[in-house]
Structures are given as structure tokens and as C-alpha cells.
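Readers should treat all values here as calculations from the given coordinates under stated rules, not as data from a laboratory. Predicted model only: the values in this text are computed from it and were never measured. Cβ coordinates were reconstructed from backbone atoms using ideal geometry, including for glycine residues, and neighbour counts include every protein chain displayed.
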Amino acid sequence: MPSARLFAALLLLAGPVLAQEDALPAPLTGTPGDAARGRAIVADRQRGLCLLCHTGPFPEERFQGNLAPDLSGAGSRWSEAQLRLRLVDSRRLNPDSIMPSYYRTEGLNRVGSAFRGRTVLSAQEIEDVLAYLLTLRDGDSR
Amino acid sequence: MRRALALVLLAPLCLSAGAEERRSGFADMARETQAMQQDDTANPGMLWVLEGEALWNRPAGPAGQSCAGCHGDAAAAMRGVAARYPAWDEAGAAPIDLAGRIAQCRETRQRAPPLARESEDLLALTTYVGHQSRGLPISPPSDPRLAAARERGQALYAERRGQLDLSCAQCHDDQAGRRLAGSTIPQAHPTGYPLYRLEWQTIGSLQRRLRGCMTGVRAEPFSYGSPEYVAIELFLASRAAGLEVETPAVRP
């Protein structure tokens, strides 16, 4: 997304303190993420939900959404820490984003009883998705 | 003239949708689904129209009174009625939607056992009455007593909710026409209800549709018949003023 990149560039210009606000360096768990499990979560419409909005290098998946940037190359465009923040709470970067916050339970309204107090993904699932996104390098989409 | 006036009055309500032309969900459907809706012999919703017609003429309650007994021929008496609902209900001093009005007539005038929301009989009667307005423009009443609930509906439409933290407006104003997985996001105009949804394999009300969008964002839905749903219905009708009633529509 040009606007997101511009925003990131502006943050970098603004110096190291602000640049930290564009990223979440600390892993959420002690266990490194598993890229294969991450790929399965991204493709799963009940768990990751990602392909409802995004397209990505999933030739086997029909009916991918077009509300969001293609995930191909995400690992070249963003660092691990930047991707972590985008998954945990993309609304810290863009309050109007439609991308759900995958690791947030506060500040939500009328959450369904089955989901109350629960995050969309668990900490380990976020690390798994991250490990997968980092394998998506420019030039080898698909 | 009246339509133009309504559009001017409503313009501030739908700024973001206004940039793009307003279109029924019908326009976004596959050709085959459109053909199914347009051919009465193929449109499964017509079964509920027929069932509704039978109920309209069937006596019920201790006095053995039918809807037709009071209202006469629905083709004349009910033409245009669905196009102006929700409307103000004097008895309840609150807005009421078409299904609510039919259930109320049944209970207080026929004194027949109440019809539950989404029951086959209430859906059939509502579809039958709605069908009498097919082709007419949605024409919300100008009754000022509806204004507060309509505004509440607009606020509910703009409010984020659920674990996914999305508002109706974020999808239906900002993303309409784009694809959420395989579904084209419609502008959310309530033109065809009750309608036959292929995914449900049956007919359903507008409130059932709203409930589906609420649970889709993992929010706690409101209860059927609640003032919140009627308020959203009021807002959606004002946003869709001038678009044609399609009841019974078909949707994927």
C-alpha cells in the first residue's frame, strides 16, 4: 500500500523513537513460529480469515478477496517486527483500517459471547503466521 | 418531484455512498441468479407469495376473521404499503416494521395465536404483502416522529462491533463492489425482503440478513424484533429511497 509505505518512510525520517512505534520487536512466545502451520492458518477462512480480504500465493484457494494488498512479497516489504505489529493491532498504524486486530481484547464493542475475552489468533498462531509471511519474498510469488 | 425531494433531504445521510451510484444487490449478482429472480416460475420466493395469499384469505382467531375480511383485495389494499415501512405505530408509540405490523394485526385484531419472527407463516404473509409493492420506489414516510430512530439506526450502522471490530459502513459504504472472498459486497439496500437466499435455501427477513452480518463480524446480534433492528431498517430504507421494491428477491 503506497500510503502505508509512505507512513513507514515518514516514521523512519522522524527518527528511531517513532520508528519503534511502527514495529513490535519482541516475540509473543518463546517458541519460534512454524511457517507451515502459519500458511495453513492464513488459508483457513475460519481461523486466519486473511483470504477473505487479501489475495496471496495460494493457487489452490479459490475466491480470495480484493479488499487488501496482495500478501506476495510481504516478507521483503516489511521486517519481522513491523509485520508483528500489523498482525497484533494494525489499527495502531491506521485507526480506520478494516484489518482486524488479531491480538487485542480491549476496546471492542458487543463481542459475541463465544468470542468474548478471546483474541482472534493465539500468541503462538501469530508467531506461526509471521514465520510464514517472512518466507514471502519478492520475485518468488507463486 | 417527491423522489427528487427525498433525495435532497437524504443527501447528508449518505455522503460516502453518494459518490457512487446507488444500486440494488441485484445488479451485483450473476446473470443466472438475476434470471431466477425475474422469472416467477423459477423464483423460489413465489412459493411463499402463494402461501401468503392463502393465509391472507384464511379465517383465524375466535371471530373467524381473515386479513381479507378487513382489508379486501391485497392487490389494491396493500399496494405501496411495504414501500413505506418501517412506519410509526400509534399504539406502541414507536416505529414498527412490516413483519411487526402483520404480527400485531394478527394478535390484536384477529386475536389469533401470535406469529413468531421468522416463522413460516409470518414470512409468507410478509412476502405476500411485500410482493404487492414490487416495482414501486421505496418511499420512507416523512413522519417526524421517525427521525430519532432513523438517526439511531444511522449511528448503529456506523458503529464498529464484534471481535473483528467492523461497522456496516466500512463494508457497505467504503468497500461496496469489491470482493470479500467470493462475495461481492453489495451496498446493503433492503430492496428485496423477505427474499430467497441460495445460501439459506429458504426465504428470510431483512432482520435475518442483519443478524448474519452481525455474527459475521463476531458480534452479539440483537434479538429479532428489537428496536435496534427496526432503527437500522429505518435508516436503510431512507438510504435506499427511490430504489425499486423487488420482493421476493433472490440473493446468493
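By the combined test of axial Cα extent (at least 24 Å) and Kyte-Doolittle hydropathy (mean at least -1.0), none of the DSSP H helices of chain B qualifies.
Shown in residue order for the range B:21-27 are the 3J(HN,Hα) couplings computed by the Karplus curve 6.51 cos²θ - 1.76 cosθ + 1.60 at θ = phi - 60°: 6, 6, 9, 5, x, 3, 5 Hz (x for Gly and Pro).
Shown here for the range B:158-252: GluC sites (Glu not before Pro) in loop regions (DSSP other than H, G, I, E, B) with at most 15 other Cβ atoms within 10 Å, namely B:159, B:199. Overall, the anisotropy analysis places the protein assembly as shown in the prolate class: the square-rooted eigenvalues a ≥ b ≥ c of its C-alpha gyration tensor yield a/c not less than 1.5, with a/b exceeding b/c.
Amide H contacts for residue B:161 (H built 1.01 Å from N in the peptide plane; partners 5 or more residues away or on another chain; cut-off under 5 Å): B:166, B:167. Counting only DSSP H runs of at least 4 residues, each contributing -39500 (n - 2.57), and dividing by the residue count of the protein assembly as shown, the helix-based mean residue ellipticity at 222 nm comes to -11000 deg cm²/dmol. Around the amide H of residue B:195, modelled in the peptide plane, lie the amide H atoms of B:204, all under 5 Å away and 5 or more residues distant in sequence or on another chain. Site pair residue B:108 and residue A:46 shows an inter-label distance of 4.5 nm when each label is modelled 7 Å from Cα along Cα→Cβ. The amide H of residue B:136, built 1.01 Å from its N in the peptide plane, has B:245 as neighbours under 5 Å, considering only residues 5 or more places off or on other chains. Quick one: grab the alpha carbon gyration tensor of chain B, order the square roots of its eigenvalues as a ≥ b ≥ c, and give me rounded if a/c is under 1.5, else prolate or oblate depending on whether a/b is larger than b/c. Because a/c hits 1.5 or more and a/b exceeds b/c, chain B counts as prolate. Taking the average, over residues, of other Cβ atoms within 10 Å as the packing measure, peptides A:43-53, B:22-32 rank A:43-53, B:22-32 from highest down. Calculated over the range B:25-78, the projected area of the Cα convex hull averaged across directions stands at 4.9 nm².
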